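K.L.:
The structure under discussion is supplied below as structure tokens; questions concerning it will follow.
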Amino acid sequence: MTRTIGYFSLCILLLACCSGAVSAWAETSQGDIPPYLQQKVLESCDQAAKQGLMAPIAGVDRAALLELLQAPCDHVRMVAVYTLGEIREPAALEPLIVLLASPDAHMCRAAAHALGKIGSERAVDPLAKLLNDPGRPDSARCTAARSLARIGGAQASSALRQAARTCTGQLHVVVSLALLKCPSATGKTGLQTAGVTF
């Protein structure tokens, strides 16, 4: 049985290589913006330009994405936030942290998600602040919990434990699951520490 699963995993890996999935990931990790993300950004900017909200842009690079965080169109800003998270742009860290304070729950949630994708420990304190603020929407607080779990480490685990003691309802469920998935300083998740493996 184990040998069969091993062969199956190898076949899946080979199929992924042949389909270009691994090469697309390698391109993204080396700094390129995947074409599908560039297209999405260009389409949203073109749409905003047609509505007279902003000037069209000629191309998409990391600097342009950072500038689009200040665009007058909410949809363009949201696409820029998402794209910066997907490409794990470290220069976006501070602007995304600022967006956590946005009164727009969707923008706040998108920024929290992007920060989790970037994975910098610098984002732990601002995400913990969002998570533990009962005046913020639960959807944004749930995303902050998931992002803390993705970043991991002792500080993120501590923030999740603190939130688990005080939150209720659906938020408590999400925080508890995030805590179980959060890698600690030792690199083990709560599930692994408890001896649960998949």
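Quick note: the coordinates plus some simple rules give every number you see, no bench work behind them. Because the structure is a prediction, the values reported are computed rather than measured. Ideal geometry is used to build each Cβ from the backbone, glycine not excepted, and the neighbour counts take in all protein chains shown.
K.L.:
Could you check the simple spin-label distance between residue 66 and residue 166, using points 7 Å along Cα→Cβ, in nm with one decimal?
P.N.:
Reported label-point gap for residue 66 and residue 166 is 3.4 nm.
K.L.:
Now, a different point. In whole Å, what is the distance between the alpha-carbon centres of the stretch 110-157 and the stretch 74-92?
P.N.:
16 Å
K.L.:
As a footprinting exposure proxy, order 82, 36 by other Cβ within 10 Å, with the fewest listed first.
P.N.:
Least crowded to most crowded, the residues run 36, 82.
K.L.:
Using the 10 angstrom Cβ neighbour count as an exposure proxy, how do 148, 130, 65 rank, fewest first?
P.N.:
65, 130, 148
K.L.:
What is the spin-label model distance, in nm, from residue 75 to residue 138 if the labels are put 7 Å beyond Cα along the C-beta direction?
P.N.:
3.0 nm
K.L.:
So what are the ³J(HN,Hα) numbers for the stretch 73-78, from phi and the Karplus equation (6.51, -1.76, 1.60; θ = phi - 60°), rounded to whole Hz, Gly and Pro as x?
P.N.:
My calculation for the stretch 73-78 gives 9, 4, 4, 5, 4, 5 Hz in order.
K.L.:
Amide H neighbours of residue 182 under 5 Å, at least 5 residues apart or on other chains, H built in the peptide plane: list them.
P.N.:
Correct list: 190.
K.L.:
Order of 129, 181 from fewest to most other C-beta atoms within 10 Å? Each step should come with its number before you reach the end.
P.N.:
Working: 129 15, 181 18.
Going from least to most buried by this count: 129, 181.
K.L.:
Taking 0.36 nm per residue of sequence separation and subtracting the Cα-Cα distance, how much length would be gained by fully extending the chain between residue 158 and residue 105, in nm to one decimal? Each step should come with its number before you reach the end.
P.N.:
On the way: separation 53, 0.36 × 53 = 19.08 nm, distance 2.46 nm.
Additional length available on full extension: 16.6 nm.
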